[in-house]
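The values are calculated or read from the model by the stated rules, or taken from the named source; none is laboratory data. What you see is a predicted model, and the numbers here were worked out from it, not measured in a lab. Positions of Cβ are backbone-derived with ideal geometry, glycine not excepted, and every protein chain shown enters the neighbour counts. These accessible areas exclude ligands, DNA and RNA; they are computed on the full protein's heavy atoms, side chains included. Shrake-Rupley method; radii C 1.70, N 1.55, O 1.52, S 1.80 Å.
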Amino acid sequence: MSVNEHRTSRTAAGLSSAEVALDKKTAAAALLPASQPQLLPSVDPNATRLAAYLDRLCEKADLLLDIQLGPQAWIEAIREQDGWLNPTFDPRSSDADESNSGSVVLRDGNGRVLACNAVRLFETDSFVSLLSSGDLFHRLGHPNRTPQRSILPAGYDLAGRISYSGGTLVTPSARGRRLALLTTRLVRLIGERLFRADWHTGVIFHTRDGRMPDKPYGFQRITPCLEALTIPERPQAQTLFLVELSRAEFRLQLASDLARLQAKGHEDLDDLALLT
């Protein structure tokens, strides 16, 4: 299979088919009793426009963009790079599957992994409880499930459909090209287009080499959430920070990003500097 054939088949089998699967699931909700959850809100059309723009950007940069439902494509990319499998997105540890998660993988023209990200939908009344109980990382009953001590401010919480992204990897040879910014935007688009998320979130470690940015990867708020991570797979002594933005903020960001791209963009990787 040629590179172009590979790209066409992977893209065609990725986001478009994922949307079909989720649309079927959403349509089926109309047949449920009235006591069941109502239909999800419609997709912001700017999310579709931005996804198309970023797809063209990847094509012109000779990047193979692979977007799929489920964590498997991300798992394969991480394993190719001998990276760490975040248990949040690993079906052996969590409930991640094709109904509630997605993968974004970028490869070069020879099929080598350059960057990847994963995203997971959580439906919860309390993100703080999800974090503190250990449910964010492991399913109930998993031997590695470990309660965490939240340091989020009193009264702070998120509830509803929460799109949680992570598992970011950029290979050393691809660093400096803003690919992490690209993949984090793409998983955020999955959170809108497929999951209709009320909140877009993630956690990041404090960087010892410098000051934490005010709005990393375009998230609107950054708040210390754990003094340290104590899960058995990867204990970390650094402070963890929760990054997040609401759906309303995300929609405003979409409109702003598209206006900037349409005014100044050239559909190349330099355009990523225009994203807010």
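Ordering I204, I162 by accessible surface, largest first, gives I204, I162; the 1.4 Å probe counts only protein heavy atoms, with every chain in place.
Taking a Cβ cut-off of under 12 Å around V170, the surrounding Lys, Arg, Asp and Glu residues balance to a net charge of +3, with basic ones at +1 and acidic ones at -1. A straight chain from R56 to Q72 at 0.36 nm per residue would run longer than the Cα-Cα distance by 3.3 nm. Estimated from the Cβ-Cβ distance and a Förster radius of 25 angstrom, the FRET efficiency linking L140 and R234 is about 0.80. Here the Karplus relation 6.51 cos²θ - 1.76 cosθ + 1.60, evaluated at θ = phi - 60°, turns the backbone of region 262-276 into coupling constants of 5, 7, 10, x, 10, 6, 9, 4, 4, 4, 4, 5, 7, 6, 7 Hz, with x for every Gly and Pro. Think of a 1.4 Å ball rolled over the protein heavy atoms: region 117-245 then has 42 Å² of accessible area per residue.
Near the amide H of Q238, within less than 5 Å, lie the amide hydrogens of L229, all on another chain or at least 5 residues away, with H placed in the peptide plane. Compared with the alpha-carbon gap, the fully stretched path from Q262 to T276 is longer by 3.7 nm at 0.36 nm per residue.
Charge dipole of region 48-112 (Cα centre as origin; +1 on each Lys and Arg Cβ, -1 on each Asp and Glu Cβ, all else neutral): 240 debye, rounded to the nearest 20. Coupling constants for region 156-172 follow from the phi torsions by the Karplus curve (6.51 cos²θ - 1.76 cosθ + 1.60, θ = phi - 60°), and in residue order they are 7, 6, 10, 9, x, 8, 10, 8, 10, 10, x, x, 6, 9, 10, 5, x Hz; glycine and proline get x. Sequence-ordered 3J(HN,Hα) estimates for region 77-93 from the Karplus curve with 6.51, -1.76 and 1.60 and θ = phi - 60° stand at 5, 4, 5, 4, 9, 6, x, 8, 8, 4, x, 4, 10, 9, x, 6, 10 Hz, glycine and proline given as x. The residue among N86, L69, Q148 whose Cα reaches farthest toward the positive pole of the charge dipole of region 64-149, with charges on the beta-carbon of Lys, Arg, Asp and Glu, is Q148. Note on surface exposure: E244, E227, E98 rank E98, E227, E244 by accessible area, highest first, 1.4 Å probe. Taking the 1.4 Å solvent-accessible surface of region 119-192 as the whole, the part contributed by carbon and sulfur is 52%. When the trypsin sites (Lys or Arg not before Pro) in region 138-199 are filtered for DSSP coil states and for at most 12 other beta-carbon atoms within 10 Å of their beta-carbon, the remaining sites are R149, R175. Here the contact order of region 115-202, divided by its residue count and restricted to Cα pairs under 8 Å and six or more residues apart, works out to 42 percent.
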